[in-house]
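Below is one structure, written out as structure tokens; the observations come after it.
What follows draws every value from the coordinates through simple rules; no lab data is involved. Bear in mind that the values here come from a model prediction, so they are computed numbers and not experimental data. We place every Cβ from the backbone using ideal geometry, glycine too, and count neighbours over all the protein chains shown.
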Amino acid sequence: MAVAWHKTNFLGVRYREHATRKHGVRLDRCFSIRYKLNGKDKEEVAGWASEKMTAEKAFGLLSELREAIRTGRGPQTLAEMKISNEAKIMQERESAHAASLAATTFLEFWDAEYLPYAEASKKRMSIHSEKHLFKNWIRPILGEIPLQMVTSALVEKIAMNMQQMGKSAASIRYALAVVSQVWNYASVRDFVQGDSPTRRIKKPKVDNRRVRFLTREEARMLLDGLKSRSQDVHDTALLSLFAGLRAGEIHALTWGDVDFEHGNLYIRDPKNTNSRHAYMTQEVREMLCSRNKGQHKTALVFPSVTGKRRVQVSDSFQNTVRELGLNDTGEFDAEGKAIEIDDARQRVVFHTLRHTFASWLAQAGTPMFTLAQLMGHRDMKMTQRYSHLTPDNMQAATLVLQGVLG
């Protein structure tokens, strides 16, 4: 059955009625437009009355197409017009989205994006430190500033404020690093473009090389004090002191890594370097033998109370150090309380044991290359810090030339 088309009051616009569907009190109408394109007759559906199309609207579309055909500019069919409109809508949405991102403040991005990401990927102590720096130093300057408007001058103000308040170079660098990490993550998420505003800031130099190492007497006192508090903490401290292991390496050690036959320990995937071997002294061997109860090779040597890997050194260590006064300056405040050393390089912490291991070996004349291998240093510059402890050896090497000319 042929479709019955009906004329309208608009030239080039006609309609047909749906067989059954109604729109209001009458049958729904489908409007179409007819025009010439490239010398050929063309007809396209403009839309249904139920889709809010009218003869007048259809004529308006027809007029636009005729003008486009006449001038050669713009869509020349309804299909092309639809694609163009969809592209325009998409572009408007993208522009609105970009404007929304550009208006996002540093604080808004920190709360909604960066902090959840950091909490899912970083250690608890790192998160604690970053929150502290953000709350006290970063937020007061950058919090209400749109991310894209953060400048080097604003970031430099953070560094200046911290410096004026006597904060260490290490703390200032850490704060700048947090700003940089937030910016880099924002860049990944398309909130900002360009280099981090921290890039051009001259960062204060940090000499965080640990200076303090224990005397033999201090080491004995510390081990005795730890033993009275916690056998576990004593044993981890002894292992660090006599094998040079980091706390994380000790906590990751399994019985499969302990080779009693050859007297060594296999340190897997340590910080900054490839896996390496550490070696047992008699003290270490006896301690490990006392802990060895036939555990499975995959079992941790120093598990937590839940049987899982430890994530930090027990507070018992610092409590013992405080009790022994190893960080005291020898002075007291107005209330008679001991004043402790401020300089982190001079304070006794768990890492001091590893530093002591290296310092004692250097004093004993261990070659720097050998010491670097034992410490797992990737860069010899890290080991050279101990070279000053072997002045006699360097002097002896120089004196070899004494008298060679007769």
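What dipole magnitude, in Debye to the nearest 20, does segment 5-98 give about its Cα centre under +1 on Lys/Arg Cβ and -1 on Asp/Glu Cβ?
Roughly 400 debye, rounded to the nearest 20.
Ranking 8, 58, 23 by Cα position along the charge dipole of segment 5-98, where only Lys, Arg, Asp and Glu carry charges on their C-beta atoms, puts 8 farthest toward the positive end.
Over the Cα atoms of segment 260-406, the radius of gyration divided by the Kirkwood radius equals 1.07; this is the Rg/Rh ratio. The magnitude of the dipole of segment 106-188, with charges of +1 and -1 set on the Cβ of Lys/Arg and Asp/Glu and taken from the Cα centre, is near 400 debye. Which entries of 22/82; 167/381; 202/337; 227/308 show an alpha-carbon separation above 30 angstrom in the structure shown? Beyond 30 Å: 202/337. Its alpha carbons give the chain an Rg and a Dmax of 37.5, 126 Å. Taking every alpha-carbon pair within segment 5-98, the share separated by more than 22 Å comes to 38 percent. Treating segment 106-188 as a set of equal point scatterers at the Cα positions, no solvent, please give the Debye-formula log₁₀ I(q)/I(0) at q = 0.13, 0.14, 0.15, 0.26 Å⁻¹. One equal scatterer on each Cα of segment 106-188 leads to -0.37, -0.43, -0.49, -1.45.
Remark: the residue 169-residue 331 segment gains 55.8 nm on full extension, using 0.36 nm per residue and subtracting the alpha carbon distance.
Mean sequence separation of contacting Cα pairs (under 8 Å, at least six apart), scaled by the length of segment 5-98, corresponds to a relative contact order of 19 percent. Put +1 on the Cβ of each Lys and Arg and -1 on the Cβ of each Asp and Glu in segment 106-188; which of 115, 153, 128 then has its Cα farthest toward the positive end of the dipole? Farthest towards the positive pole: 128. The packing ranking, built from the mean of other Cβ atoms within 10 Å per residue, places the peptides 115-128, 29-42 in the order 29-42, 115-128, highest first. A crude spin-label estimate for the pair residue 20 and residue 119, with each label 7 Å from Cα along the Cβ direction, gives 5.7 nm. For the chain, the dipole from Cβ point charges (+1 on Lys and Arg, -1 on Asp and Glu) about the Cα centre works out to 1660 debye, to the nearest 20.
Since only 238, 312, 264 are under comparison, the one whose Cα sits farthest along the positive direction of the charge dipole of segment 199-312, derived from C-beta charges on Lys, Arg, Asp and Glu, is 312. Top mean-square fluctuation among 53, 375, 81, Gaussian network model of the chain, C-alpha springs under 10 Å? Taking springs between Cα atoms under 10 Å, the residue moving most is 53. Its relative contact order, with pairs defined as Cα atoms under 8 Å and 6+ residues apart, puts segment 106-188 at 38 percent.
Which percent of the Cα-Cα distances in segment 175-304 go past 19 Å?
Pairs farther apart than 19 Å: 63 percent.
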